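Written out below as structure tokens is the structure these notes cover.
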Amino acid sequence: MAQNAEKSFKAGYVAIVGRPNVGKSTLLNNLLNFKVSSVTRKPQTTRHQIRGILNGENYQIVFLDTPGLLEPKYKLENAMLRAVQRALTDADLVLFMVEAASMPDDRDVAFLEGTKQACLLIINKMDRILKKDVLPLMDFFRRFEHIQSMVPISALKLDGLDILKDEIVKALPVGPPFYPPDQITDHPERFVVSEIIREKVFQRYGEEIPYSTTVKVEEFVERKNQKDYIQANIYVEKASQKGILIGKKGAALKQIGKLAREEIEFILGRPVFLELWVKVREKWRQNERTLKEFGYYS
């Protein structure tokens with residue numbers, strides 16, 4: 001009996017790929033019912049390959065959320081595209097995600113022509129259009145033979161996610177799980193904390209500052225009978241950006257810290273003392289040594 005259960009179990013790596021702001025991180029978080037990936041209205045929020053693990057009775061899906069497909073302007077963005085390529089190398093299946101209300105562009109076509117891996121086409125944001133209006137988009141993608149099926153969803157409204165899970169499990173290889181059944185991500189807590197802090201910067205500031213910002217957790221100390229101590233540096237590229245992030249009498253930085261601390265405590269399930277500093281590292285997005293220090297190059 002145990003052998004039959006083992007034979008029917010499916011497990012595999014599934015890469016979520018698409019243009020910036022198409023809803024990849026929202027999809028991952030809502031499939032897991034747990035936040036592992038930063039979500040904001042701004043494109044290119046995700047910079048790393050984010051791994052989330054979905055466990056079912058007869059399956060384990062290891063999702064790889066990836067940065068959006070883009071034309072790189074900085075070495076940081078080259079590193080982001082490398083994260084996409086690593087995910088594709090690891091993946092047993094690709095979820096290629098598009099918006100229901102947008103016809104494909106050259107990046108979509110180039111990606112699909114450049115990969116022959118098995119794909120599911122995920123048509124997101126169906127809540128924004130009439131169902132009949134998605135038919136031309138579906139007709140366009142029928143030319144790609146490695147697209148095994150097309151699944152219309154609304155990741156935000158949770159519509160179609162059960163159907164999507166069924167389609168993913170069908171496409172996965174038979175095999176044992178890669179991780180324990182209670183594990184949701186393989187990222188360390190330091191990484192999760194840094195992403196939460198960076199997300200709060202993205203949510204509170206305009207165009208320039210979020211993209212010039214990265215976060216590094218310098219200390220993470222678990223303490224008995226006390227709050228955990230976390231000290232993190234927020235790095236920017238210009239002194240003027242530092243002043244804006246800190247704000248008058250430190251008010252802006254205190255607000256980021258408050259919002260981040262509340263979410264960190266919710267995710268970790270325990271109280272923390274969060275200390276934030278803002279530091280300037282000029283042109284860090286163009287410096288390979290700095291990018292390695294910040295974890296963007298392996």
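Placing +1 on the Cβ of every Lys and Arg and -1 on the Cβ of every Asp and Glu, with no other charges, gives the chain a dipole of roughly 1100 debye about its Cα centre.
Peptide packing: for 88-99, 164-175, 17-28, 120-131, the average count of neighbouring Cβ atoms within 10 Å per residue gives the ranking 17-28, 88-99, 120-131, 164-175, highest mean first. Think of it as helices only: each DSSP H run of n ≥ 4 in the chain is worth -39500 (n - 2.57), and spread over all residues that comes to -11000 deg cm²/dmol at 222 nm.
Short to long, the 10 Å bins of the Cα pair-distance histogram for the chain hold 6, 26, 32, 23, 11, 2, 0 percent of all pairs. Given contacts defined as C-alpha pairs under 8 Å and at least six residues apart, what's the relative contact order of the chain, whole-number percent? Here the relative contact order equals 18 percent. Remark: spin-label model distance ASN287-GLU189 equals 3.0 nm, labels positioned 7 Å along the Cα→Cβ axis. The charge dipole of the range 189-293, taken about the Cα centre with unit charges on the Cβ atoms of Lys, Arg (+1) and Asp, Glu (-1), comes to about 360 debye, rounded to the nearest 20. Cβ crowding within 10 Å ranks VAL236, VAL272 as VAL272, VAL236, fewest other Cβ atoms first.
Of the GluC sites (Glu not before Pro) found in the range 189-248, those that fall in a DSSP loop while having at most 13 other beta-carbon atoms within 10 Å are GLU207, GLU222.
Cβ crowding within 10 Å ranks SER212, SER102 as SER102, SER212, fewest other Cβ atoms first. Calculate the FRET efficiency for GLN85 and LYS249 from the Cβ-Cβ distance with a Förster distance of 35 Å, rounded to the nearest 0.05. Here the calculated transfer efficiency is 0.20. Here's the list of aspartates and glutamates a cross-link from LYS132 could span, going by alpha-carbon distance under 19 Å and ignoring same-chain residues fewer than 8 apart: GLU99, ASP159. Both radii are taken from the alpha-carbon atoms of the range 79-161; with Rh as the Kirkwood radius, Rg/Rh is 0.97.
The fewest-to-most ranking of HIS146, HIS187 by surrounding Cβ atoms within 10 Å reads HIS146, HIS187.
Could you tell me which residue out of LEU95, SER154, GLY247 lies farthest along the dipole of the chain toward its positive end? Charges go on the beta carbon: Lys and Arg +1, Asp and Glu -1, centred on the Cα centre. Among LEU95, SER154, GLY247, the one farthest towards the positive end of the dipole of the chain is GLY247. For the range 186-292, the Kirkwood estimate of hydrodynamic radius, built from reciprocal distances between every pair of different alpha carbons, is 14.2 Å.
Values in this text are rule-based calculations from the coordinates and carry no lab data. Being a predicted model, the structure only gives us computed values, none of them experimental. Note that each Cβ is placed from the backbone with ideal geometry, even for glycine, and that neighbours are counted across all protein chains shown.
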